[in-house]
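Here the structure comes first, spelled out in C-alpha cells, and everything after it is commentary.
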Amino acid sequence: MKALRFNKFGNPAEVLRIEEVPDPLPGSEEVLVKVHAASLNPSDVKNVQGKFADTTLPRIPGRDFAGVIAAGDREMMGQKIWAAGGDIGFTRDGSQAEYIVIPKKAARPMPKSLSMSEAAAVGISYITAYLGLVEKAGLKDGETLLVTGATGGVGSSAAKLAKLKSARVIAVDRRAMDPEQARRLGIDLALNSESDDIVSRAKEFTDGKGVDVVFDCVGGPLFETALNSLGVGGRQVNITSVGDRRVCFDLLDFYHRQITLFGIDTAKLDMVACGNILESLRPWFEDSRLTPPQISRTCSLGELIGAYRQVADGTAKGKIVLTFER
C-alpha cells in the first residue's frame with residue numbers, strides 16, 4: 001500500500017516521504033480498515049517535527065479518519081466507521097495511508113448524515129472539545145463560555161458543543177469574524193484579540209460577573225487575558241501554548257476567585273477511549289445538532305506533504321482532509 005511516512009524528525013517538507021509498504025495484517029482483536037479520508041491536525045505536524053516524546057520510528061502519521069472495514073471480522077466486513085486516537089501516528093501507524101489496523105472496539109459506526117471527509121474532519125477536534133468542555137470543565141446549561149482561537153478546528157467545535165447546553169458563547173480570534181460565520185458557529189459576541197479589550201468586553205457582556213468557562217486554544221499571549229475574563233468559581237481549559245510556553249498570573253487573585261485550571265492532552269487517550277467519545281457525539285451529528293469543522297480543501301496523498309508545509313507555516317485556513325479515490 002502507499003503511505004506517508006517519516007524515518008526521522010524534522011521539517012515535514014524534508015523528512016516526509018510517500019512510500020510503498022506492506023499492507024498491515026490485523027490480529028485476533030483487530031480489524032483492517034480501508035481508509036477513505038483522514039484529516040490533517042496541527043499535532044500531526046508537531047509529531048513529525050519531534051515534539052512528542054513517545055513517538056517511535058519509522059512511523060505513518062495521522063490521528064483520525066473514516067473508512068470501511070476490509071478484513072479481520074466477518075460480521076464487521078463492509079461497515080463504514082470513524083475512529084481516532086492518541087496512539088495512532090505515535091506508537092502505532094496512523095491513518096495517512098491506504099490501510100490501517102485498529103482494535104475492533106475502536107471501530108465505531110460513523111454518522112449516516114456525514115460524508116467520509118466530514119466524518120474524518122470531526123475526530124481529534126471534537127474529541128478535544130468534548131473532553132475539555134463536557135468531561136473536565138462540566139459546562140452547565142445557560143453558562144457563558146469564552147473560546148480563544150474560535151475559528152480553528154477545536155475552537156469551533158467547542159463553540160458548537162456549548163450551544164447544545166444553551167450556553168452563551170464569546171469568540172476570540174485574531175481574524176475578524178464575519179456575521180455569517182458567527183451565526184453558523186452560534187457566536188453571541190465576536191472579539192478580535194488584536195484590537196478588542198477582551199476582559200472589559202467579557203465583563204460587560206456578563207454584567208460584570210465574568211464568564212463561567214474559558215476554552216483556551218491559544219495559551220501563551222492570551223492565557224492571562226483569558227484567565228482574567230473568568231468570574232468567581234470559573235474554569236479554564238488549556239490545550240496548547242502558542243509562542244512562549246511559560247505564562248504568569250496573579251496567584252492571590254487566582255485562589256480568591258476560586259478558579260480551576262484543566263490541562264487537556266488527547267495524545268493520552270488510546271483509540272478505544274476516543275471511540276467512546278465519538279460514539280457519544282454520533283447522535284448529535286445524525287440529528288444535525290452538530291456539524292463537522294469547516295473543510296477548506298481536500299487533497300491527495302501526493303499533495304499531503306505540501307499541506308503539512310501550510311499547516312507548519314500557518315498559511316492553512318480551515319481543515320485539510322486527505323482523500324483516496326475509491
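Bear in mind these aren't lab numbers, they're just calculated from the coordinates by the rules spelled out. Everything quoted here is computed from the prediction, not taken from an experiment. Methodologically, a virtual Cβ is constructed for each residue, glycine included, from the backbone with ideal geometry; neighbour enumeration extends over all protein chains shown.
Residues of the range 60-85 with an amide N closer than 17 Å to a point placed 7 Å from the Cα of SER113 along the Cα-to-Cβ direction: 82.
What does DSSP give for the chain in terms of the percent of beta bridges that are antiparallel, rounded to the nearest 5? List each step's numbers first, then the result.
Numbers: 29 of 56 bridges.
If we restrict to bridges inside the chain, about 50 percent are antiparallel.
Using a simple spin-label model with pseudo-atoms 7 Å out from Cα toward Cβ, LYS165 and LYS51 lie 2.7 nm apart.
Can you give me the relative contact order of the chain as a percent, contacts being Cα pairs under 8 Å and 6 or more apart? Please list the in-between numbers first.
Working: 750 pairs, mean separation 65.8, N = 326.
Over the chain, the number comes to 20 percent.
Overall, the range 209-321 carries a charge dipole of about 160 debye about its Cα centre when +1 sits on the Cβ of Lys and Arg and -1 on the Cβ of Asp and Glu, all other atoms neutral. When +1 charges are put on Lys and Arg Cβ atoms and -1 charges on Asp and Glu Cβ atoms, the dipole computed for the chain relative to its Cα centre reaches about 280 debye.
Based on the Cβ-Cβ distance from MET77 to ASP265, what FRET efficiency comes out when R0 is 30 Å, to the nearest 0.05?
Values: r = 35 Å, r/R0 = 1.15.
With a Förster radius of 30 Å, E is 0.30.
What pairs from LYS136/LYS203; LYS163/LYS203; LYS51/LYS80; LYS104/LYS163; LYS46/LYS136 go past 29 Å between their alpha carbons? Distance filter (> 29 Å) returns LYS51/LYS80; LYS104/LYS163.
Which of the aspartates and glutamates could a cross-linker span from LYS8 if the Cα-Cα distance has to be under 16 Å and same-chain partners fewer than 8 positions apart are dropped? In chain and number order, the partners are GLU19, ASP44, ASP54, ASP93.
Dividing the alpha-carbon radius of gyration of the range 126-263 by the rule-of-thumb value 2.2 N^0.38 Å gives 0.93.
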